[in-house]
Structure formats: structure tokens, C-alpha cells
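As C-alpha cells, the structure follows; a few thoughts come after it.
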Amino acid sequence: MEWFEETLHPGLHARLRIDKLLYRGESGHQRLILFENSEFGRVLALNDVIQTTERDEFIYHEMLSHVPLLAHGGAREVLIVGGGDGGMLEEVLKHSGVCRATLVEIDASVIDFSKQYLRAICGDAFEDPRAHVIIADGLAHAQTTPDRYDVIIVDSTDPVGPGEALFSDQFYRACRRCLAPGGILVTQNGVPFVQGDELRQSLTAMKSLFADATCYTACVPAYVGGAMAFGWASDRAALRATPLPVLAGRFAKAGLDTRYYTPAVHQAAFALPGYIADLIE
Amino acid sequence: MEQQDVVYGAWRVQLKIDRVIDRRKGDHHDILIFENRLFGRVLALDGIVQTTERDEFVFHEMIAHVPLFALAAPRDVLIIGGGDGGALRRVLQHPSVARVHIAEIDSGVIACSREHLPAICGKAFDDPRCTIIVADGVDYIAGTKRRFDTILIDATDPVGPGAALVHAAFYRNCRDRLTEGGVLVTQHGVPFAEPDWLARPFARIGDAFAHTRCYLASVPANYGGFLAFTMASDSAGAFDVTMPELRRRHANASVTPRYYTPDIHQAAFALPPYITEIIA
């Protein structure tokens with residue numbers, strides 16, 4: 001029996017049994033494998049790093065979409081940078097107030113895979129008339145688009161290879177440029193226990209650009225190292241402290257059926273463990 | 001050479017053994033302490049990783065500070081298990097604590113920790129307030145006449161020596177040994193991976209106590225999402241501490257936590273629906 005081995009962190013190997021290999025190949029930008037595992041369902045890995053699994057994807061996707069969208073309360077235009085598996089797009093489109101969700105993915109083949117193999121994750125999101133898919137570099141798009149977004153979600157890979165540019169000061173500046181007034185930028189920022197420097201660098205850049213910047217956390221089973229961090233930046237500081245009754249009202253109105261997100265979990269996610277708060281101070 | 005920590009059949013996490021520091025047979029466990037470049041020194045019992053130097057603060061702060069700050073002035077504390085001394089060290093940081101009894105089944109675990117894991121236990125075992133009892137926690141709680149303000153169950157997984165620590169009779173005996181308003185805390189592993197380790201004990205604790213709530217922490221060396229704890233009491237007081245009061249208690253104690261904060265204390269009780277479903 002073949003095993004998939006993730007060696008992202010020296011000294012620690014996570015292994016998932018490949019019960020059924022569904023796809024293995026290389027595209028211009030990355031090495032991709034898709035397989036079935038009896039515990040996690042279908043598992044997608046890029047460059048030997050697990051990106052998403054059927055059984056735990058809900059945590060990451062709910063927390064990186066519903067938190068900014070419900071804190072904002074009136075988002076109509078949403079930009080997703082990366083997110084070729086479609087899971088984020090599906091969550092964003094659950095908000096009926098969203099008129100258009102623009103997904104900018106560098107690698108068209110990831111989207112094709114997802115449509116073919118990961119329907120449990122993307123559903124019919126790519127077929128939604130409000131979905132606007134652009135195959136392009138996220139940095140270039142943010143630097144040049146004439147559109148303005150209420151929420152920007154950076155659903156990137158780790159800061160190596162093609163994902164690296166999405167952790168740069170230049171990229172955060174470009175995001176600020178195309179954010180509508182009162183808009184919110186959220187970013188995937190890895191697991192601070194093992195990738196603390198990446199979080200510190202991102203937050204330093206965000207703090208220099210936005211009136212308010214912090215991070216919030218979720219605990220994702222397929223990632224090793226404890227809580228994962230999401231960057232949060234906005235020029236409207238009050239948004240991160242949106243009162244619980246307001247969140248609860250918006251959540252009820254949105255009619256979302258969630259398995260990780262609740263308004264209380266939303267609020268709790270901004271309470272940072274000491275070791276994470278220290279990193280971003 | 002690898003230390004293999006099997007979480008599931010189809011899902012394994014291996015910590016590389018960079019150097020073996022000690023390997024011995026304890027009274028009940030095969031004890032291994034090794035060096036790993038990511039987690040520092042690692043304690044494994046019967047092949048299962050229990051704690052590591054670099055991440056132990058998360059688990060130990062959350063099993064100790066949450067119940068102790070939930071009470072105004074806890075004096076008597078019992079730890080069942082906890083032979084690595086990490087929970088003991090945190091308990092002793094609370095100035096109101098006058099006595100801590102630790103009932104550990106395997107003296108070898110304590111000896112190894114004292115010798116090789118000072119980063120985890122510090123000098124806690126030498127503290128004059130600490131009494132070490134080498135005994136099965138089930139027998140100890142059934143036989144003792146003492147009463148405790150807080151009982152912490154810091155045990156191995158509910159297989160092997162840890163199996164009896166999730167039985168209904170054990171939880172009832174714990175309740176009977178608590179002072180009025182006293183609090184019991186236990187851990188349940190990772191519910192995403194082992195929902196039964198939370199569901200069944202939680203229900204049994206609920207049968208024994210008037211008030212039972214689950215809370216969570218993200219433990220880096222525990223692959224699989226949140227680790228779950230239960231806090232139980234016959235009085236609602238421990239669950240109703242206001243944020244200003246938690247902050248006051250925290251400021252008055254000589255703790256220097258790296259995970260726990262009063263905000264984390266409150267946030268830890270916000271449960272994702274996938275966990276709420278397990279204990280419903």
C-alpha cells in the first residue's frame with residue numbers, strides 16, 4: 001500500500017494512506033496529487049503539502065469566508081485570490097447579498113480538477129452566474145483591476161513557489177488599492193507555531209498599511225502544529241469587534257448551515273493565545 | 001529511526017527520534033524520552049507521545065489555569081496522572097494553593113521527568129506543598145478521605161492504565177471528594193479523530209455533576225484539530241466568572257502563561273457545531 005508523506009516540517013512526518021490514487025501529475029506551476037483516504041476522504045496536495053481534504057475543509061473555508069462577510073454585513077463584491085478548489089467560492093456564494101465573487105487563480109488545471117474530482121468541496125459554485133473566474137496572477141490582478149471589493153480573501157498556498165508573492169508587502173498594498181471603503185482583507189497565514197516568521201512579516205506589513213490589522217485563528221485537523229492563523233486588515237477598526245448580537249442577527253438572516261462557524265466561535269477566534277499575540281505585537 | 005504515533009489506521013504522524021535520552025520500563029508503562037528538532041524533548045508512554053518540551057505549555061496551562069481561575073481561592077488540588085509535572089507546576093503558580101496531591105500510577109514517569117524534563121516540571125516535585133502518591137488514581141479516589149477544591153485528571157488515553165479513569169463510578173467518587181463549589185477537569189483527546197473519547201465520558205460526567213461544559217485548546221503536537229476538556233461542578237459559579245474578575249485573578253497570580261489569557265479562557269468554551277454534535 002502506498003502512503004502520501006508530507007515533510008513540510010523537519011522532524012515531523014504526516015502520512016496518509018493512499019487508498020485509491022485518483023490523479024497524479026505536474027502542471028506548469030505545481031505538482032498535484034489527488035487520492036482517497038479512508039479517514040479524510042479525498043485529499044488534494046500541491047507540491048507534497050496537503051491543501052484540502054473532504055472531511056475537514058469545512059473549517060478552513062467557513063472561517064476564511066463567513067468571518068469577514070458577516071463582520072462586514074453588506075458585502076456585494078468579493079475577491080478570492082487562489083482558491084482553485086472552489087471551496088471558498090462555494091461558501092462566499094451562500095451569502096445572498098454577494099452580487100459577484102471574482103476568483104483569481106494562477107493555475108487553470110486546479111479548477112478543472114476540482115470540477116472533476118472535488119464536487120464535495122466546490123459543489124456547483126463554478127457554475128453559479130455570480131462566479132467570475134479569472135486565470136491570472138493574483139498580484140497582477142490586485143495591482144491593475146479597476147474593480148473595488150468589499151471583501152478580499154487570500155486563499156493561497158504556503159509562501160514558497162507561486163504562493164510567495166501573495167505574502168509580500170507589494171501584494172498587501174495592491175489589495176488595499178482595490179478594497180472598497182470599509183472593506184476587509186483576510187489571508188491564510190499558516191500555522192504560527194511552526195511558521196511564526198511568516199505571520200510576523202505579514203502582520204508587520206498589514207499594520208503599516210491599514211488602520212487595523214490583527215489575526216484570528218481556527219484549528220484545522222489536517223494541519224500539524226496547533227491553531228492556524230488568518231490575517232485580518234481593514235481601515236475600519238470597529239469591524240473586528242462586531243458585537244455578538246449583530247453577528248447572530250446576520251448569521252440567522254443568512255440561513256447558513258455551518259459545522260465550525262457560529263457567531264460565538266467567530267468572536268472567540270479573535271482571542272489570541274499568548275504565543276501568537278507575542279508574534280504580532 | 002522514527003517514533004511512530006498512530007492516530008488512525010490510514011493516518012499516521014511520525015516524530016523523528018534525533019537522539020534517545022532515556023528508555024526504561026516503568027511500573028506500568030514503557031517510557032521513552034527522545035530529542036526531536038521540532039518539539040524538543042518528547043515523552044512517549046507505550047509508544048504514544050504524551051508531551052513535548054516545546055508545546056506542553058498549551059495543554060498544561062489549559063488543564064490547570066481554566067479550573068483554578070474559575071475558583072476564587074482554590075486551596076487543595078488533586079492531580080490524577082500528570083507524572084510529567086507540567087500541570088503540577090502550573091497549579092503551584094496559584095498563590096492560594098496550599099496543598100497539591102499528585103496520584104501517579106507509575107513512579108518511573110515521575111523519575112524520568114525529574115531527571116530529563118526540567119523544562120516541563122521545573123522544581124515542582126520538590127515544592128513543599130506537593131505530596132506524591134504512587135497509586136492508581138481510581139483506587140486513591142475511592143479510598144481517600146480528603147476533599148479537594150479542584151481535581152485534574154491528566155491521564156493517558158482511555159486504553160491500558162487510563163481505561164478506568166473514564167468510568168461512571170470514578171466520576172462519582174471524584175464528585176464526592178470535591179468541596180462545595182469544587183471543580184473537576186479532565187481531557188478527552190481529539191474529538192475529530194476520536195469522538196467516542198469525548199461523547200461517552202462527557203455523558204457520564206454529566207450524570208455525576210449538575211453542571212458540565214466542554215472547552216477546547218489547539219495543541220501543536222496533537223494532530224487532528226482541537227483537544228477537548230470537560231469542566232464539571234455541582235455549582236454554576238465556576239462557569240459564570242465575569243471577564244473583569246478573571247482579569248483580576250490572573251493579574252494577582254504569579255503565572256506567566258504563553259497560551260492562557262482571560263480572553264482565551266472565555267473563548268475556549270465557544271464550541272464549533274461539529275463538537276457540539278458529539279456531546280449533544
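The values are calculated or read from the model by the stated rules, or taken from the named source; none is laboratory data. Small disclaimer: the values here were computed from a predicted structure and weren't measured. Positions of Cβ are backbone-derived with ideal geometry, glycine not excepted, and every protein chain shown enters the neighbour counts. The accessibility values were calculated without ligands, DNA or RNA, using every heavy atom of the protein model including side chains. Shrake-Rupley method; radii C 1.70, N 1.55, O 1.52, S 1.80 Å.
Given a 10 angstrom Cα cut-off, can you work out which residue in B:VAL49, B:VAL13, B:VAL185 is the most mobile in a GNM of chain B?
Maximum among the listed residues: B:VAL13.
Determine the dipole magnitude for segment A:9-88: charges of +1 sit on the beta-carbon of Lys and Arg, -1 on that of Asp and Glu, nothing else is charged, the reference point is the Cα centre, and the result goes in debye to the nearest 20. Could the numbers behind the result be given before it?
Values: 8 positive and 11 negative charges, 33 e Å.
Result for segment A:9-88 is approximately 160 debye, rounded to the nearest 20.
Setting aside same-chain residues fewer than 8 positions from B:LYS16, which lysines have a Cα under 28 Å from its Cα?
A:LYS20, B:LYS25
If I take every Cα pair under 8 Å that is 6 or more residues apart in chain A, average their sequence separation and divide by the length, what percent do I get for the relative contact order? Don't skip to the answer; put the middle values down first.
Details: 561 pairs, mean separation 42.8, N = 281.
Once divided by the residue count of chain A, the mean separation gives 15 percent.
Nearest 5 is fine: what % of DSSP beta bridges in chain B come out antiparallel, could you say?
On the way: 34 of 54 bridges.
Taking every DSSP beta bridge within chain B, about 65 percent pair in antiparallel fashion.
Need one value: the accessible area of B:THR230 in square angstrom, 1.4 angstrom probe, rounded to the nearest 10.
0 Å²
Which residue, chosen from B:ALA98, B:ILE79, B:PHE59, occupies the Cα position most advanced towards the positive end of the dipole of segment B:52-159, where the dipole is computed from +1 (Lys, Arg) and -1 (Asp, Glu) charges on Cβ about the Cα centre?
Ranked along the dipole, the leading option is B:ALA98.
Could you give the DSSP H helices of chain B that reach 15 angstrom or more along their long axis (alpha carbon positions) and whose average Kyte-Doolittle hydropathy is no lower than 0.5? Write down the numbers at each step before the final one.
On the way: long enough: B:56-70 (21 Å, 1.04); B:195-208 (20 Å, -0.29).
Within chain B the helices that satisfy the rule are B:56-70.
With unit charges on the beta carbons (Lys and Arg positive, Asp and Glu negative) and the dipole taken about the Cα centre of chain B, which residue among B:ILE153, B:MET243, B:TYR274 sits farthest to the positive side?
B:MET243
Starting from the Cα gyration tensor of chain A, take the square roots of the eigenvalues, sort them a ≥ b ≥ c, and report rounded, prolate or oblate (rounded when a/c is under 1.5, otherwise prolate if a/b is larger than b/c, else oblate). Before the final figure, lay out each step's value.
Numbers: a/c = 1.40, a/b = 1.29, b/c = 1.09.
Rounded shape, in that the Cα axes give a/c under 1.5.
Using a Gaussian network model of chain A whose springs link C-alpha atoms within less than 10 Å, name the residue from A:ILE153, A:ILE50, A:ILE80 with the highest mean-square fluctuation.
Maximum fluctuation in the GNM of chain A, among the listed residues, is at A:ILE50.
P(r) for the protein assembly as shown: what percent of alpha-carbon pairs falls in each 20 Å bin, starting at zero?
21, 53, 24, 2
In the full protein assembly as shown, how much of A:VAL246 is accessible to a 1.4 Å probe, in Å² to the nearest 10?
A:VAL246 exposes around 60 Å² with every protein chain in place.
How much mean residue ellipticity at 222 nm does chain B get from its helices, if each DSSP H run of length 4 or more adds -39500 (n - 2.57) and you divide by all residues, to the nearest 500 deg cm²/dmol?
Working: 10 runs with 88 residues, N = 280.
About -9000 deg cm²/dmol.
Where a ≥ b ≥ c are the square roots of the eigenvalues of the C-alpha gyration tensor, would you call segment B:108-260 rounded, which needs a/c under 1.5, or, failing that, prolate if a/b is larger than b/c, or oblate? Kindly include the intermediate steps, with their values, before the conclusion.
Working: a/c = 1.14, a/b = 1.05, b/c = 1.08.
Rounded shape, in that the Cα axes give a/c under 1.5.
Is the C-alpha gyration tensor of segment A:172-219 telling us rounded, prolate or oblate? Criteria: a/c under 1.5 is rounded; beyond that, a/b larger than b/c is prolate, otherwise oblate. Write down the numbers at each step before the final one.
Values: a/c = 2.44, a/b = 1.83, b/c = 1.34.
Since a/c reaches 1.5 and a/b is larger than b/c, the shape of segment A:172-219 is classed as prolate.
Using alpha carbon centroids, what distance separates segment B:219-280 and segment A:102-173, in Å?
The two parts, judged by their Cα centres, are 36 Å apart.
What distance in nm separates the simple spin-label points at B:ILE133 and A:ALA238, each placed 7 Å from Cα in the Cβ direction?
For B:ILE133 paired with A:ALA238, the spin-label model returns 5.7 nm.
When we measure straight from the Cα of A:LYS253, which lysines land under 29 angstrom away, once same-chain ones fewer than 8 places off are left out?
Answer for A:LYS253, where 29 Å is the Cα cut-off: A:LYS94, listed by chain and number.
Projecting each Cα onto the charge dipole of the protein assembly as shown (Lys/Arg +1, Asp/Glu -1 at the beta carbon, about the Cα centre), which of B:PRO118, A:PHE58, A:ALA120 comes out farthest on the positive side?
B:PRO118
Counting DSSP beta bridges with both partners in the protein assembly as shown, what percentage is antiparallel, nearest 5?
On the way: 72 of 112 bridges.
Around 65 percent antiparallel, to the nearest 5.
Would you look at the GNM of chain B, springs on alpha carbons closer than 10 Å, and say which of B:LYS145, B:LYS123, B:LYS16 moves the most?
Residue with maximal mean-square fluctuation among B:LYS145, B:LYS123, B:LYS16: B:LYS145.
For the protein assembly as shown, with only Lys/Arg (+1) and Asp/Glu (-1) charged at the beta-carbon, what is the dipole magnitude about the Cα centre, in debye rounded to 20?
Details: 53 positive and 70 negative charges, 289 e Å.
The calculated dipole for the protein assembly as shown is roughly 1400 debye.
Would you mind working out the magnitude of the charge dipole of segment A:175-281 relative to its Cα centre, with +1 at each Lys and Arg C-beta and -1 at each Asp and Glu C-beta, to the nearest 20 Debye?
On the way: 9 positive and 7 negative charges, 80 e Å.
It works out to roughly 380 debye.
Starting from segment A:1-38, pick out the GluC sites (Glu not before Pro) whose DSSP state is loop and whose Cβ has at most 10 other Cβ atoms within 10 Å. Before the final figure, lay out the partial values.
Numbers: sites: A:GLU2, A:GLU5, A:GLU6, A:GLU26, A:GLU36; in loops: A:GLU2.
Counting only loop positions with at most 10 other Cβ atoms within 10 Å, the GluC sites (Glu not before Pro) in segment A:1-38 are A:GLU2.
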